[in-house]
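Working notes for the structure below.
The values are calculated or read from the model by the stated rules, or taken from the named source; none is laboratory data. What you see is a predicted model; the values in this text were computed from it and never measured. Cβ: placed from backbone, ideal geometry, glycine included. Neighbour counts: every protein chain shown. In case anyone asks, the SASA skips ligands and DNA or RNA and just uses the protein heavy atoms, side chains included. Shrake-Rupley method; radii C 1.70, N 1.55, O 1.52, S 1.80 Å.
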Amino acid sequence: SQKIEQNSEALNIQEGKTATLTCNYTNYSPAYLQWYRQDPGRGPVFLLLIRENEKEKRKERLKVTFDTTLKQSLFHITASQPADSATYLCALEGGGADGLTFGKGTHLIIQP
Amino acid sequence: GAVVSQHPSWVICKSGTSVKIECRSLDFQATTMFWYRQFPKQSLMLMATSNEGSKATYEQGVEKDKFLINHASLTLSTLTVTSAHPEDSSFYICSARPPDSEAFFGQGTRLTVV
C-alpha cells in the first residue's frame, strides 16, 4: 500500500541554523510533491510544490529537493527563526482531481 | 491568493445530534472540494471528494450515510455529520484547488461530541 513517512515526529533546532526535514514514500509515483505548514488548531498552509521532473525548488529561506529514484524529498529552512516553529507536512498526489495524501508531519521547534 | 473559508471553527454537540460544516471558496469556483479529518498527532486523512452537481466520492472505510456531503454550488460544499458520537470528535478540514494552482485549505472545524 502507499505510504508516506516523515523522518521524525519532532525536531529541535537552534535559531539561525538550517532545519532539514525528510519525507520518504513507497508504492507511489507522484506527479507532484508538496510541503505544507500547519499551526495548532489551523488548516495547512501551502509552502512549496515540486514536480517529478524538478530536482530543486526555492522560495526565500525555503528549499525543497525531490529525488524520484530515492523516493525522497528534503525540506530545508535556512537561518531558522522561532516563528518557523510549526508542524510541516509532506503531501503527495498522483495528478488529476484526487485529494492529497499527507504524511504525519514533523513538529519543528526553533529554540532562541 | 485564493481563499477557502470554513464555518464554524469549532462546535460542541450532544451525542446523537447532527452537525453541519460549511466550506466556501471565496474568490474562485471549485467544481471539486475535498474533506479531510485529522485526529490528534495524526496526519490529515482524506474522507471524501465533493463534486459539484453530482454525488461525492468516499474513501474506503468512510460511511457515506454518516458523513453527508452536498456540493450544491460552485462555491459551497457542506459536510453533515449525522447522529454524531464521541468517536466522531475530530478536526475536520476542507480543501479546494483553483485550476493550475496548489490546494487551499479552510481553517478547520474542531468537532467535540459530548
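Can you go through B:Thr17, B:Thr31, B:Thr49 and tell me which one is within 14 Å of chain A (Cβ to nearest Cβ), among the hydroxyl-bearing types (Ser, Thr, Tyr) and either open to solvent by 80 Å² or more (accessible area, probe 1.4 Å) or farther than 20 Å from A:Pro44 by Cβ (or both)?
After ruling out the rest, the residue left standing is B:Thr31.
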**OP:** Can you confirm whether region A:39-60 contains a residue that is of a type in the set (S, T, N, Q) and modelled with pLDDT of 95 or more?
**Re:** no
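Being free of Cβ contacts under 8 Å to residues at least 12 places away in the same chain and not hydroxyl-bearing (Ser, Thr, Tyr) is the filter; apply it to region A:52-69 and report the residue that is surrounded by the most Cβ atoms within 10 Å (Cβ to Cβ).
Taking region A:52-69 as the starting set, the residues that turn out to be free of Cβ contacts under 8 Å to residues at least 12 places away in the same chain are A:53, A:56-58, A:60, A:69.
From what is left, the residues that are not hydroxyl-bearing (Ser, Thr, Tyr) are A:53, A:56-58, A:60.
Details: A:Asn53: 8, A:Glu56: 11, A:Lys57: 18, A:Arg58: 12, A:Glu60: 9.
Looking at residues that are free of Cβ contacts under 8 Å to residues at least 12 places away in the same chain and not hydroxyl-bearing (Ser, Thr, Tyr), I get A:Lys57.
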**OP:** Pick out the one residue from B:Ser95, B:Ser77 that is of a type in the set (Gly, Ala, Ser) and farther than 27 Å from B:Val114 by Cβ.
**Re:** B:Ser95
Subject >> Test result for A:Leu108, assigned to a strand (DSSP E or B) and within 14 Å of another protein chain (Cβ to nearest Cβ) >> reply: no
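Is it the case that A:Leu11 is open to solvent by less than 80 Å² (accessible area, probe 1.4 Å), in contact with a His (Cβ under 8 Å, 6 or more places away or on another chain) and part of a strand (DSSP E or B)?
yes
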**OP:** Could you figure out which of (1) open to solvent by 10 Å² or more (accessible area, probe 1.4 Å); (2) more than 13 Å from every other protein chain (Cβ to nearest Cβ) isn't true of B:Val81?
**Re:** (1)
Subject >> Lone unmet requirement of (1) within 11 Å of chain A (Cβ to nearest Cβ); (2) free of Cβ contacts under 8 Å to residues at least 24 places away in the same chain; (3) not basic (Lys, Arg) for B:Cys23 >> reply: (2)
Original post:
Consider B:Trp10 against the criteria (1) within 10 Å of another protein chain (Cβ to nearest Cβ); (2) within 27 Å of A:Glu93 (Cα to Cα): it satisfies all of them except one. Which criterion is unmet?
Top reply: (2)
Original post:
Which of the residues that make up region B:85-114 are part of a loop (DSSP other than H, G, I, E, B) and either within 15 Å of the chain's Cα centre (by Cα) or aromatic (Phe, Trp, Tyr) (or both)?
Top reply: B:Ser89, B:Arg97, B:Ala103, B:Gly106, B:Gln107, B:Gly108
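Quick one: which of A:Leu74, A:Leu89 is in contact with a Gly (Cβ under 6 Å, 6 or more places away or on another chain) and either modelled with pLDDT of 95 or more or more than 9 Å from chain B (Cβ to nearest Cβ) (or both)? Lay out the reasoning, then the answer.
Details: A:Leu74 fails: in contact with a Gly (Cβ under 6 Å, 6 or more places away or on another chain).
Only one candidate qualifies: A:Leu89.
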**OP:** Could you tell me which of the residues B:Lys55, B:Lys41, B:Lys64 is facing chain A (nearest Cβ under 10 Å), open to solvent by 30 Å² or more (accessible area, probe 1.4 Å) and either assigned to a loop (DSSP other than H, G, I, E, B) or not charged (D, E, K, R) (or both)?
**Re:** B:Lys41
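Does A:Leu49 satisfy the criteria of being open to solvent by 10 Å² or more (accessible area, probe 1.4 Å), among the aliphatic types (A, V, I, L, M), touching an Asp or Glu at 6+ places or on another chain (Cβ under 6 Å) and part of a strand (DSSP E or B)?
Yes.
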**OP:** Taking the residues in region A:26-40 that are over 23 Å from A:Pro112 (Cβ atoms) and open to solvent by 10 Å² or more (accessible area, probe 1.4 Å) as candidates, determine which candidate is farthest from the other protein chains (Cβ to nearest Cβ).
**Re:** A:Ser29
